[in-house]
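Asker: Right, I'll just put the structure down here and ask away after.
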Amino acid sequence: MITREMFLGLAAAALFSMVALPALADDVIVQGTFKGANGHATSGSAELVKLDAGGYVIRFGKDFKHDGTAPDATVGLGKSGYDKTTDLGRLRENNGAQDYVLPTGFDPAGYNEIYVWCTQYAVSLGVAAVK
């Protein structure tokens, strides 16, 4: 049976250990806002985030919106134009926050745009210039 004194001692130790640990936080490298392209409505925030656990993700904010009228919407990066080798897969949702994990070892340095791209027609549906 745990006594009140034992409980308070354990609680104090737990509190001390949480205070003593450094705060862990992901690091936003670059960010921007989507603008629709080629007659498509795409809006909201996008970031390239370095994770404390390692690696990078493309993070769409909860304000992200896409009209959903393209047949094959995907997510990727560009350097003053879409780079098809950065395809991160299909757009999961037309609205709201979502993350797209960059492959292990991928170096995002030098990319200055995040895309919602239509693979079937090879056109941009929305682009966020990031800095």
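Asker: In the stretch 78-127, which trypsin sites (Lys or Arg not before Pro) fall in coil by DSSP and have 12 or fewer other Cβ atoms within 10 Å?
Answerer: Values: sites: Lys79, Lys84, Arg90, Arg92; in loops: Lys79, Arg92.
The qualifying sites are Lys79, Arg92.
Asker: Moving on. Could you give the length gained on full extension between Asp26 and Phe106, defined as 0.36 nm per residue of separation minus the Cα-Cα distance, in nm? Intermediate values should be presented prior to the final figure.
Answerer: Numbers: separation 80, 0.36 × 80 = 28.80 nm, distance 1.71 nm.
The Asp26-Phe106 span can extend by a further 27.1 nm.
Asker: What order do you get for 64-74, 93-103 when each peptide is scored by the mean count of other beta carbon atoms within 10 Å, highest first? Before the final figure, lay out each step's value.
Answerer: Working: 64-74: 17.5, 93-103: 14.3.
The densest-packed peptide leads the list: 64-74, 93-103.
Asker: Under a Cβ-Cβ cut-off of 13 Å, what is the net charge of the residues other than Thr42 that fall near it, where Lys and Arg count +1 and Asp and Glu count -1? Please list the in-between numbers first.
Answerer: Values: positive: Lys35, Lys65; negative: Asp63, Asp67, Glu93, Glu113.
After counting each charged neighbour, the total is -2.
No value in this document is a laboratory result; all are computed from the given coordinates. Keep in mind it's a predicted model, so treat the numbers as computed, not measured. Glycine gets a Cβ as well: all are built from the backbone with ideal geometry, and neighbour counts include every protein chain shown.
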